[in-house]
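The values are calculated or read from the model by the stated rules, or taken from the named source; none is laboratory data. Every value quoted in this text rests on a predicted model; they were computed, and no experiment measured them. All Cβ positions, glycine included, derive from the backbone under ideal geometry; neighbour counts span all protein chains shown.
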Amino acid sequence: MIKKLFDFFQIRNKLVIFFMLFLVDIMYTFVISYVVNWYNPSLLDVFDPDLARHKMFVITVIVGPLLETFLFQFLIIEILLNFKFNSNVIIWISAILFASSHFYNAVYVLIILFPGILYASYYLYLKEQKGSSTFLIISALHGASNLVVFVFEEILWQ
């Protein structure tokens, strides 16, 4: 999916691709957050308000992305590749499991489905590129996206 898009636009620079996907992820997050906040702001309240900000930062920006990338991109995708699943099926299974792990409420699961698709697609794209540190790049993309959300929600909008 992502490969076809970048092939169409003839984009080969890995750093450009990373930042394009980062911007897509962030723009999606802000648009969805705006709509959901307009409808029901409590749907996006996923952390205990008593949790210390530095602990929230470590969980959201470092531990969460590393753990989730390991479980839902690396582990799931590699297992499914070994069983010769179609890449579209792999992307959907990975994304659904990724989104399901964010079951704070049903709306949140639906919101997280798109980033799950993005991360799984990008994982498969990077896997085809020899010499890429696929796991670290996906973890960095996920962590960077979470960092922006953390800064806006926990620091700027408080």
Among the listed residues Leu97, Leu66, Leu75, which satisfies the condition of being modelled with pLDDT of 95 or more, within 14 Å of the chain's Cα centre (by Cα) and under 18 Å from Ala140 (Cα atoms)?
-> Leu66
Part of a helix (DSSP H, G or I) and β-branched (Val, Ile, Thr), is that true of Val46?
-> no
Conditions: (1) touching a helix residue (DSSP H, G or I) at 6+ places or on another chain (Cβ under 9 Å); (2) surrounded by fewer than 15 Cβ atoms within 10 Å (Cβ to Cβ). Lys130 meets all but one. Number of the miss?
-> (1)
Is it true that some residue in the stretch 113-129 is of a type in the set (Asp, Glu) and either under 21 Å from Asp7 (Cβ atoms) or in contact with a Gly (Cβ under 6 Å, 6 or more places away or on another chain) (or both)?
-> yes
Could you tell me whether any residue of the stretch 105-127 is in contact (Cβ under 8 Å) with a residue 24 or more places away in the chain, within 16 Å of the chain's Cα centre (by Cα) and outside any helix (DSSP H, G or I)?
-> no
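Here are His54, His102: which of them is of a type outside the set (Val, Ile, Thr) and not in a helix (DSSP H, G or I)? Walk me through how you get there before you give the answer.
Working: His54 fails: not in a helix (DSSP H, G or I).
After applying the criteria, what remains is His102.
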Could you please find all residues in the stretch 84-94 being among the hydrophobic types (A, V, I, L, M, F, W, C) and either within 15 Å of His142 (Cβ to Cβ) or more than 18 Å from the chain's Cα centre (by Cα) (or both)?
-> Phe85
Identify all residues within the stretch 23-68 that are in contact (Cβ under 8 Å) with a residue 60 or more places away in the chain and among the charged types (D, E, K, R); write none if there are none.
-> Asp25, Arg53, Glu68
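Name the residue, out of Ile91, Ile111, that is surrounded by 17 or more Cβ atoms within 10 Å (Cβ to Cβ), among the aliphatic types (A, V, I, L, M) and within 20 Å of Asp45 (Cβ to Cβ). First the steps, then the outcome.
Details: Ile91 fails: within 20 Å of Asp45 (Cβ to Cβ).
Answer to the selection: Ile111.
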Would you call Tyr123 in contact with a helix residue (DSSP H, G or I) (Cβ under 9 Å, 6 or more places away or on another chain), modelled with pLDDT of 95 or more and surrounded by 13 or more Cβ atoms within 10 Å (Cβ to Cβ)?
-> yes
